[in-house]
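Undergrad: The structure follows.
The values are calculated or read from the model by the stated rules, or taken from the named source; none is laboratory data. Here the structure is a predicted model, which is why all the values come from computation and not from measurement. We place every Cβ from the backbone using ideal geometry, glycine too, and count neighbours over all the protein chains shown.
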Amino acid sequence: MERQVAVIGAGISGLLACKYTLSKGFHPIVFESQSSVGGVWTKTVETTKLQTPKPLYQFSDFPWPSSVTEDFPNQHKVLDYVQSYAQHFHLLKHIKFNTKVAGIEYEGPQDEEIQSWSLWGGTGEPFSSKGKWNVIVEDLKTLATEVFQVDFVIVCVGRFSGLPNIPEFPPNKGPEAFHGKVIHFMDYAAMDDEKAAEFIKDKRVVVVGFQKSALDIAMECSAANGGENPCTVFYRTAHWNVPDYHPWGFSLAHMYLSRFSEFMVHKPGEGFLLGLLATILAPLRWAYSKFVESDIKRKLRLAKHGMVPTHSFLHDISSCLTSTVPEKFYDKVEEGKIKLKKAPNFSFCHNGVLVEDESTAIEADVVIWATGFKGEKKLRDIFVSQTFQDYITGTPDAAIPLYRLIVYNCLLQVQFFNSHYISRLIRECIQPRIPQLAVIGFSESIANLYTSEIRCRWLAELLDGTFKLPSIKEMEKDVTKWDEYLKQYSGEYYRRKCIGALHIWYNDQLCKDMGWNPRRKKGFFAELFDPYGPLDYVP
Ligand SMILES: Cc1cc2nc3c(=O)[nH]c(=O)nc-3n(C[C@H](O)[C@H](O)[C@H](O)COP(=O)(O)OP(=O)(O)OC[C@H]3O[C@@H](n4cnc5c(N)ncnc54)[C@H](O)[C@@H]3O)c2cc1C
Ligand SMILES: NC(=O)c1ccc[n+]([C@@H]2O[C@H](COP(=O)([O-])OP(=O)(O)OC[C@H]3O[C@@H](n4cnc5c(N)ncnc54)[C@H](OP(=O)(O)O)[C@@H]3O)[C@@H](O)[C@H]2O)c1
């Protein structure tokens, strides 16, 4: 009997999930709320380019067209590439566009029975004769609601879209006190380019945040308004955002994306020898970080601008916080077109924003939140069941509990404290207490396409019965070890669930599960010193 698989979302993760489940003979049904594929790439800020070098952001079996020669193509070329992929593999006919999933509800064993399982889904199998998922969808054109019953759900709703993260303020201290306009990056990005340009033209703009979205908007404002109306950027934390990927002329990929670089860090589940090696190589790990930091400081003149981060580059790369700095960003700062202002706390007043402990307000007409997204809450809200919501949310002191960063591991004691936390997922995809469901796209790496692809391949093999998941207890242990790693190297940013500096070790685990040889290079030195990327995993 054919098992029905549903995929929610047709961004890069959803397309990959569709393609790889098709390759195993399933006929997935993909629900996409927008009218086209591509997710975040369907519409974004005009100047957005790929910030990951193109060779790392590519499908393993579908190269970039030869017409795209640059390493960092613009958003339109990325979208074309993603759309061509969907066409080439005949994915479009499996997608229901303008169809929003309002909720998913499990119909099967009750919570108490699920709690008593020692194996995922009770049997360790991805499918069950006892349980089904009801996928409640809304047709956004007709507003009609329909329920689809399926055997497995792959949630690919995206972490950096849909639900903006907007800081909260005490009464009368927030945007309501302000005469100007306040919007989030997401809404700015959704405007057509001319309207967005008009929106900021001749305005005194304050941008809140200091990651990629903030840097891009600040550049657009500086281009529109020059020095007459400088754009003020409110930052909370200075980061090691990179000007390029060649510190002192060396390749950053060789320094941080090779097996040798992973020997320098303690890994989840490492044995005694690897642990010893990481300890012995600790001074080198420190030296690598300082080497890169010195290059960034020099190229961006960070000391002059008071923007030297207090933490290490290793910390940022381990937390996926190394955005690329737009070309000439600090030139604009020196020309007075962009003003950087440390403002961890501020409030709104009638004519602008007031930084804590300062007496004079910064006058403004527009405030733009570039404060990221609440991807975890979006994921949580898709579940109808409060119990599953709590499982996926996890505890405040643990990142999303996904096994293999795919399956949510919500075995941990689950508590819900006002904020939303994503529980740990096994292989970053599977939550052991949530049967017949996987999540793709909720942990980060240096190239999210590449990471989503290998996860989808792992998941397709799991659905096809190539391997079985270990017991819930073992998954829980694995998830805890990854959590410890994240906390050790990412500190307060461990919730970003970044495998950026440990992607080969992570992929090794997936390869072993799938019965593939994890050593993908030809020759000892290449295996040790060359960076790994998507093309190393070509079938
Ligand atoms: C502006 C921008 C630039 C980026 N640049 C890079 C980069 O250079 N390198 C990199 O590695 N990463 C980058 N990222 C991260 C990016 O999020 C990933 O690379 C990748 O595109 C994410 O794909 P996704 O499919 O997981 O999520 P999304 O692209 O967010 O796709 C999710 C899809 O699910 C749909 N959806 C959501 N909820 C529902 C629902 N309830 N029902 C039906 N459909 C639903 C959405 O409409 C969307 O189409 C960037 C992110 C942004 C925002
Ligand atoms: N390819 C591209 O060109 C491109 C463009 C845009 C976005 N992206 C990607 O999209 C993803 C999202 O990026 P993003 O920049 O939108 O979000 P982000 O990476 O989550 O960064 C959010 C920023 O907002 C700050 N912030 C959050 N809450 C705050 C608060 N309450 N008060 C003050 N500051 C606050 C954070 O500061 P702290 O550091 O102090 O937490 C951080 O600087 C990332 O993966 C990014 O790389 C890529």
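Undergrad: Considering every residue within the stretch 521-531, establish whether at least one is surrounded by 19 or more Cβ atoms within 10 Å (Cβ to Cβ) and farther than 23 Å from residue 266 by Cα.
TA: Scanning the stretch 521-531, I find no residue that is surrounded by 19 or more Cβ atoms within 10 Å (Cβ to Cβ) and farther than 23 Å from residue 266 by Cα, so the answer is no.
Undergrad: Ok, one more. Please count how many residues of the stretch 6-32 are of a type in the set (Ser, Thr, Tyr) and under 18 Å from residue 101 (Cβ atoms).
TA: Here is the first cut: in the stretch 6-32, the residues of a type in the set (Ser, Thr, Tyr) are 13, 20-21, 23.
Add one more test, that the residue is under 18 Å from residue 101 (Cβ atoms), and what stays is 13, 21.
So the answer is 2.
Undergrad: Give the stretch 358-394 a look and list any residue that's assigned to a loop (DSSP other than H, G, I, E, B) and more than 15 Å from residue 497 (Cβ to Cβ), or say none. I'd like the intermediate steps shown before the answer.
TA: Of the stretch 358-394, the ones assigned to a loop (DSSP other than H, G, I, E, B) are 358-361, 364-365, 370-372, 374, 382, 384-385, 394.
358, 359, 360, 361, 364, 365, 370, 371, 382, 384, 385 - these are the residues of the stretch 358-394 that are assigned to a loop (DSSP other than H, G, I, E, B) and more than 15 Å from residue 497 (Cβ to Cβ).
Undergrad: Looking only at residues in the stretch 230-251 that are among the hydrophobic types (A, V, I, L, M, F, W, C) and within 16 Å of ligand 2 (Cβ to nearest atom), which one is surrounded by the most Cβ atoms within 10 Å (Cβ to Cβ)?
TA: Among those that are among the hydrophobic types (A, V, I, L, M, F, W, C) and within 16 Å of ligand 2 (Cβ to nearest atom), it is 231.
Undergrad: Also: Just to be sure, is residue 329 within 16 Å of ligand 1 (Cβ to nearest atom), of a type in the set (A, V, I, L, M, F, W, C) and within 28 Å of the chain's Cα centre (by Cα)? Outline the logic, then answer.
TA: Working: within 16 Å of ligand 1 (Cβ to nearest atom): no; of a type in the set (A, V, I, L, M, F, W, C): yes; within 28 Å of the chain's Cα centre (by Cα): yes.
Spelling it out, it is not the case that residue 329 is within 16 Å of ligand 1 (Cβ to nearest atom), of a type in the set (A, V, I, L, M, F, W, C) and within 28 Å of the chain's Cα centre (by Cα).
Undergrad: Of all residues being basic (Lys, Arg) and touching a helix residue (DSSP H, G or I) at 6+ places or on another chain (Cβ under 6 Å) in the stretch 232-285, which is nearest to residue 56 (Cα to Cα)? Just the residue, please. Steps first, answer last, please.
TA: Within the stretch 232-285, the first condition is being basic (Lys, Arg), and the residues that meet it are 236, 259, 267, 285.
Restricting the remaining residues to those that are touching a helix residue (DSSP H, G or I) at 6+ places or on another chain (Cβ under 6 Å) gives 259, 267.
Numbers: 259: 16, 267: 23 Å.
Filtering first and then ranking leaves 259.
Undergrad: Which residue out of 267, 212 is farther than 30 Å from residue 181 by Cα, under 24 Å from the mean Cα position of the chain (by Cα) and in the same structural domain as residue 326 (by TED's automatic domain parsing)?
TA: Answer to the check: 267.
Undergrad: Additional query: Here is a list: 47, 52, 69. Which entry is within 29 Å of residue 193 (Cβ to Cβ), surrounded by fewer than 17 Cβ atoms within 10 Å (Cβ to Cβ) and modelled with pLDDT under 95?
TA: Values: 52 fails: surrounded by fewer than 17 Cβ atoms within 10 Å (Cβ to Cβ); 69 fails: modelled with pLDDT under 95.
After applying the criteria, what remains is 47.
Undergrad: While we're on this one: Looking only at the stretch 478-517, how many residues end up being over 30 Å from residue 310 (Cβ atoms) and surrounded by fewer than 16 Cβ atoms within 10 Å (Cβ to Cβ)?
TA: 3
Undergrad: Right, here's the next one. Being buried (at least 20 other Cβ atoms within 10 Å of the Cβ), among the hydroxyl-bearing types (Ser, Thr, Tyr), at pLDDT 95 or above and near ligand 1 (Cβ under 10 Å from one of its atoms) narrows it down to one of 21, 99, so name that one.
TA: Numbers: 21 fails: near ligand 1 (Cβ under 10 Å from one of its atoms).
Being buried (at least 20 other Cβ atoms within 10 Å of the Cβ), among the hydroxyl-bearing types (Ser, Thr, Tyr), at pLDDT 95 or above and near ligand 1 (Cβ under 10 Å from one of its atoms) holds for just one of 21, 99, which is 99.
Undergrad: So for the stretch 163-172 (the condition being touching a Phe, Trp or Tyr at 6+ places or on another chain (Cβ under 8 Å), surrounded by fewer than 19 Cβ atoms within 10 Å (Cβ to Cβ), not small (Gly, Ala, Ser) and not in a loop (DSSP other than H, G, I, E, B)), does at least one residue qualify?
TA: yes
Undergrad: For residue 9, work out the one condition from (1) at negative phi; (2) buried (at least 17 other Cβ atoms within 10 Å of the Cβ); (3) more than 14 Å from ligand 2 (Cβ to nearest atom) it doesn't fulfil.
TA: If we test residue 9 against (1) at negative phi; (2) buried (at least 17 other Cβ atoms within 10 Å of the Cβ); (3) more than 14 Å from ligand 2 (Cβ to nearest atom), just (1) comes out false.
Undergrad: Scan the stretch 85-92 and tell me whether some residue there is within 16 Å of ligand 1 (Cβ to nearest atom), among the hydroxyl-bearing types (Ser, Thr, Tyr), under 29 Å from residue 224 (Cβ atoms) and under 25 Å from the mean Cα position of the chain (by Cα). First the steps, then the outcome.
TA: Let us first name the residues in the stretch 85-92 that are within 16 Å of ligand 1 (Cβ to nearest atom), namely 85-86, 89, 91-92.
Narrowing further to those that are among the hydroxyl-bearing types (Ser, Thr, Tyr): 85.
Checking which are under 29 Å from residue 224 (Cβ atoms) leaves us with none.
Checked against the condition, which is being within 16 Å of ligand 1 (Cβ to nearest atom), among the hydroxyl-bearing types (Ser, Thr, Tyr), under 29 Å from residue 224 (Cβ atoms) and under 25 Å from the mean Cα position of the chain (by Cα), the stretch 85-92 yields no hits at all.
Undergrad: Does residue 35 meet the test of being surrounded by fewer than 20 Cβ atoms within 10 Å (Cβ to Cβ), assigned by TED's automatic domain parsing to the domain that holds residue 143 and either away from ligand 2 (no atom under 16 Å from the Cβ) or modelled with pLDDT of 95 or more (or both)? Let's see the steps before the verdict.
TA: Details: surrounded by fewer than 20 Cβ atoms within 10 Å (Cβ to Cβ): yes; assigned by TED's automatic domain parsing to the domain that holds residue 143: yes; either away from ligand 2 (no atom under 16 Å from the Cβ) or modelled with pLDDT of 95 or more (or both): yes.
Criteria met by residue 35.
Undergrad: For the subset of the stretch 50-68 comprising residues that are touching a residue at least 40 places away in the same chain (Cβ under 8 Å) and closer than 19 Å to residue 18 by Cα, which member is nearest to ligand 1 (Cβ to nearest atom)?
TA: Within the stretch 50-68, the first condition is being touching a residue at least 40 places away in the same chain (Cβ under 8 Å), and the residues that meet it are 51-53, 55-61.
From what's left, closer than 19 Å to residue 18 by Cα: 57-61.
Working: 57: 5, 58: 11, 59: 12, 60: 15, 61: 18 Å.
Result: 57.
Undergrad: Now a separate question. If I go through the stretch 308-323 residue by residue, how many of them are surrounded by fewer than 20 Cβ atoms within 10 Å (Cβ to Cβ) and in contact with a Leu (Cβ under 9 Å, 6 or more places away or on another chain)? Walk me through it before giving the result.
TA: Our first condition is that a residue be surrounded by fewer than 20 Cβ atoms within 10 Å (Cβ to Cβ); within the stretch 308-323, this holds for 308-312, 323.
Still in the running and in contact with a Leu (Cβ under 9 Å, 6 or more places away or on another chain): 308-309, 323.
Residues meeting the conditions: 3.
Undergrad: Report every pair of residues separated by at least 6 positions or lying on different chains whose Cβ atoms are under 9 Å apart, first residue within the stretch 448-459 and closer than 12 Å to residue 506 by Cα and assigned by TED's automatic domain parsing to the domain that holds residue 59, second within 13 Å of ligand 2 (Cβ to nearest atom) and of a type outside the set (Ser, Thr, Tyr).
TA: Between residues of the stretch 448-459 that are closer than 12 Å to residue 506 by Cα and assigned by TED's automatic domain parsing to the domain that holds residue 59 and residues that are within 13 Å of ligand 2 (Cβ to nearest atom) and of a type outside the set (Ser, Thr, Tyr), the close pairs are 451/441; 451/444; 455/441.
Undergrad: Right, something else. Among residues belonging to the stretch 54-97 that are part of a loop (DSSP other than H, G, I, E, B) and within 13 Å of ligand 2 (Cβ to nearest atom), point out the one that is nearest to residue 138 (Cα to Cα). Talk me through it step by step, then tell me what you get.
TA: Step one: of the stretch 54-97, the residues part of a loop (DSSP other than H, G, I, E, B) are 57-58, 60-61, 63-73, 89-91, 97.
The next check asks that each one be within 13 Å of ligand 2 (Cβ to nearest atom); those that pass are 57, 71-73.
On the way: 57: 32, 71: 39, 72: 37, 73: 35 Å.
If we take residues in the stretch 54-97 being part of a loop (DSSP other than H, G, I, E, B) and within 13 Å of ligand 2 (Cβ to nearest atom), then 57 is nearest to residue 138 (Cα to Cα).
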